[in-house]
1. Per-residue accessible area for Val89 at 1.4 Å probe radius, Å² rounded to 10?
2. Straight-line reach from Lys277: which lysines have Cα under 28 Å away, leaving out those fewer than 8 places along the same chain?
3. Determine the percent antiparallel among the DSSP beta bridges restricted to the chain, to the nearest 5.
4. So, in nm, how far is label Leu302 from label Glu54 when the simple model puts each one 7 Å beyond its Cα toward the Cβ?
5. Only loop residues by DSSP count here, and only those with at most 12 other Cβ atoms within 10 Å; note down the chymotrypsin sites (Phe, Trp or Tyr not before Pro) in the range 189-225 that meet that.
6. So what are the ³J(HN,Hα) numbers for the range 217-229, from phi and the Karplus equation (6.51, -1.76, 1.60; θ = phi - 60°), rounded to whole Hz, Gly and Pro as x?
7. Between Tyr224 and Val247, take the C-beta separation as r, use R0 = 25 Å, and let me know the FRET efficiency to the nearest 0.05.
8. Need one number: nm distance between label points at Asn5 and Glu284, each 7 Å from Cα along Cα→Cβ, rounded to one decimal.
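The values are calculated or read from the model by the stated rules, or taken from the named source; none is laboratory data. Owing to the predicted nature of the structure, the values given are computational and were not obtained by experimental measurement. No Cβ is skipped: glycine too gets one built from the backbone with ideal geometry, and neighbour counts run over all protein chains shown. SASA here: full protein model, heavy atoms, side chains in, ligands and nucleic acids out. Shrake-Rupley method; radii C 1.70, N 1.55, O 1.52, S 1.80 Å.
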Amino acid sequence: MINLNTTKVAVIGSGLIGRAWAIVFARSGVEVNIFDQSKDALGECLSLIKALLEDKLKYGLLEEDVSKILSRIHPVHTLELACEGVSLVQENIKETVEAKLALFADLDRICPGTVILASSTSWLPTSLFTEKLPGRARCLVAHPTNPPYLIPLVELSPAPWTSAETVERALEFYTAVKQEPVLVKKEIHGFLLNRVQGAVLNEMLNLYEEGYASSADLDKVMKYGLGLRWSFMGPFETIDLNAPAGVTDYAARYGQTYADVSKTQKDNAWSAQVIKKIENERREILDSNQISERSRWRDNRLMALKKHQDEQPK
Ligand SMILES: NC(=O)c1ccc[n+]([C@@H]2O[C@H](COP(=O)([O-])OP(=O)(O)OC[C@H]3O[C@@H](n4cnc5c(N)ncnc54)[C@H](O)[C@@H]3O)[C@@H](O)[C@H]2O)c1
């Protein structure tokens, strides 16, 4: 059993995701060294984290004082200092293969062989940036969903050479810090979440482009329809409950129709022209200078939903 109160981790990159991971770890009692190559980013990270924690406090989502949680987060000025005494490194730097290759080479050189090296990459399979490393067996992707302190899904995606022990320890660690890890059994570009999100967006773009509905009405399909169920159960469980005798019964009733419809669904090129039209429709609803205020509204809605979910029986 992992003892979080004696665990220390490194968070590399103190941008949006690095700061969010620092909250996830520190609120569970883990000591966090945080490093960023930008002095400005590192300098402002504690005050940005404090503001996020204060919002969470308002919604009753914190079990401890803000100051206690903050006291576990230590900004440091070198990669070497960040890695001192840690059992896991969570990398959150920019999303390019070159940047990840260079950083993982440094991390593999600096960290003892028992330290897990985890990447937050949204799309890049582990094997693209770890193949040549002597310590490649301790590397894997641990892709969070933004923001991970409110949305618990973490996709663990090992390379073919990642050891079973690394995967097991990562599963144990992310579960212990109150995340919901899922295992991506074979490497695939975009893992699970972004592929599913991509499939939905592609179909919405096709329906929009072909004139079936406005962008606002297509959003309502999710917001007032599918999203309500999908916020607490998945599509497979949904169809299992949507026919009296379960999933086989559902497939017998509607499977052929879905199969026929899937033949009419196609790729989408995300053309600049279509995106421009959607942009115009969106800007009529929300002025561009209101986007950050509306993002804060989104985070508050998410916090209220998380609070509600935390109060439900499992
Ligand atoms: N933004 C999201 O919604 C989201 C969700 C899940 C995963 N991710 C992934 O998380 C990672 C970080 O994304 P973000 O949104 O936090 O980006 P960001 O731009 O907010 O932060 C990146 C930070 O990394 C720092 N950095 C860059 N190179 C560095 C290096 N070599 N060493 C130390 N620091 C370095 C930058 O100074 C910056 O502060 C990306 O791989 C991204 O794909 C992002």
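1. 0 Å²
2. Leaving aside lysines fewer than 8 places away in the same chain, those within reach of Lys277 are Lys220, Lys223, Lys263, Lys266.
3. Details: 5 of 28 bridges.
If we restrict to bridges inside the chain, about 20 percent are antiparallel.
4. 2.0 nm
5. Details: sites: Phe191, Tyr208, Tyr212, Tyr224; in loops: Phe191, Tyr212.
Listed in order of number, the matching sites are Tyr212.
6. In residue order, the calculated couplings are 5, 5, 4, 5, 4, 7, 5, 9, x, 3, x, 5, 5 Hz.
7. That gives a FRET efficiency of 0.50.
8. 5.9 nm
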